[in-house]
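Below is one structure, written out as structure tokens, with a few remarks after it.
The values are calculated or read from the model by the stated rules, or taken from the named source; none is laboratory data. All values derive from a computational prediction rather than experimental measurement. Here the Cβ positions follow ideal geometry from the backbone for every residue, glycine too, while neighbour counts run over all protein chains shown.
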Amino acid sequence: MNQSFDYVEMKVPAKAEYVGVVRLTLSGIASRMGFSYEAIEDLKIATSEACTNAVQHAYHKNEGGEITVGYGLYDDRLEVMIADNGKSFNFEQMKEEIGPHSVDQSIEKLPEGGLGLYLIDTLMDEVKVHHKYGVTVFMTKYRYREKVESDAKTISSFGTN
């Protein structure tokens, strides 16, 4: 069963000064979708880390590479895909090809750039990484957590007058 969704894609130069543009776009999309302030901050940090990794590690100095960022807007979640090869991707197909990611090492033993992946893994609900053509990081943040919290507050207020 394929759920319908809106898709937004942008390409930015692989330069640090464009990470803020990606963050602003993400913030606007997540806000429009009704994510809480805390969830939006988590999304922005995780996305910034993935973009910064691409800026720092994907291309040689002065190579002029691009980062492609795709946003899949669903009723219950936001999916963010960041690719450092600069090519557009078939969002659904790429999502199926990417394997799960897990950080099993202690934080002290993480390789360079590993702290960013640790943060991403901690802040997002699902993370997948693909190394086939460059690096693609696929992250999912669900909205249900805010819904569950608001339902719990509503239920707990029934007994009080």
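For residue 77, which of the numbered conditions (1) modelled with pLDDT of 85 or more; (2) within 25 Å of residue 17 (Cα to Cα) fails to hold?
(2)
Do the conditions hold for residue 32, that is, is it assigned to a helix (DSSP H, G or I), at pLDDT 90 or above, among the basic types (Lys, Arg) and within 13 Å of the chain's Cα centre (by Cα)?
Here the answer is no, as residue 32 does not meet what is asked.
Name every residue in region 26-51 that is among the small types (Gly, Ala, Ser) and touching a strand residue (DSSP E or B) at 6+ places or on another chain (Cβ under 7 Å), in order of residue number.
Hits for region 26-51 are 30, 39, 46, 50.
Select from region 1-25 the residues that are crowded, with 19+ Cβ neighbours inside 10 Å and touching a strand residue (DSSP E or B) at 6+ places or on another chain (Cβ under 7 Å) and write down the one among them that is nearest to residue 85 (Cα to Cα). Reasoning before the result, please.
Going through region 1-25, the residues crowded, with 19+ Cβ neighbours inside 10 Å turn out to be 12, 14, 19, 22.
Filter again for touching a strand residue (DSSP E or B) at 6+ places or on another chain (Cβ under 7 Å), leaving 12, 14, 22.
Working: 12: 11, 14: 10, 22: 16 Å.
Filtering first and then ranking leaves 14.
Can we say residue 64 is farther than 16 Å from residue 142 by Cβ, in contact (Cβ under 8 Å) with a residue 24 or more places away in the chain and not β-branched (Val, Ile, Thr)?
Yes.
Scanning for something modelled with pLDDT of 80 or more, under 23 Å from residue 44 (Cβ atoms) and surrounded by 20 or more Cβ atoms within 10 Å (Cβ to Cβ), does region 83-94 turn up at least one residue?
Taking region 83-94 and keeping what is modelled with pLDDT of 80 or more, we get 83-84.
Now narrow it down to the ones that are under 23 Å from residue 44 (Cβ atoms): 83-84.
Now restrict to residues that are surrounded by 20 or more Cβ atoms within 10 Å (Cβ to Cβ): 83-84.
Yes, region 83-94 contains at least one residue that is modelled with pLDDT of 80 or more, under 23 Å from residue 44 (Cβ atoms) and surrounded by 20 or more Cβ atoms within 10 Å (Cβ to Cβ).
Which residue is modelled with the highest pLDDT, if the candidates are limited to region 102-136 and must be among the hydroxyl-bearing types (Ser, Thr, Tyr) and under 21 Å from residue 14 (Cα atoms)? Talk me through it step by step, then tell me what you get.
Filtering region 102-136 down to residues among the hydroxyl-bearing types (Ser, Thr, Tyr) leaves 102, 106, 118, 122, 133, 136.
Retained after the next criterion (residues that are under 21 Å from residue 14 (Cα atoms)): 133, 136.
Details: 133: 69, 136: 84.
Out of the qualifying residues, it is 136.
Taking region 46-81, which residues are part of a helix (DSSP H, G or I) and surrounded by fewer than 17 Cβ atoms within 10 Å (Cβ to Cβ)?
Residues satisfying the conditions are 52, 56, 57.
Please identify the pairs in which a residue from region 25-45 that is on the phi > 0 side of the Ramachandran plot has its Cβ atom under 8 Å from the Cβ atom of a residue that is acidic (Asp, Glu), counting only partners at least 6 apart or on another chain.
Pairs that qualify, where the first residue is on the phi > 0 side of the Ramachandran plot and the partner is acidic (Asp, Glu), are 34/146.
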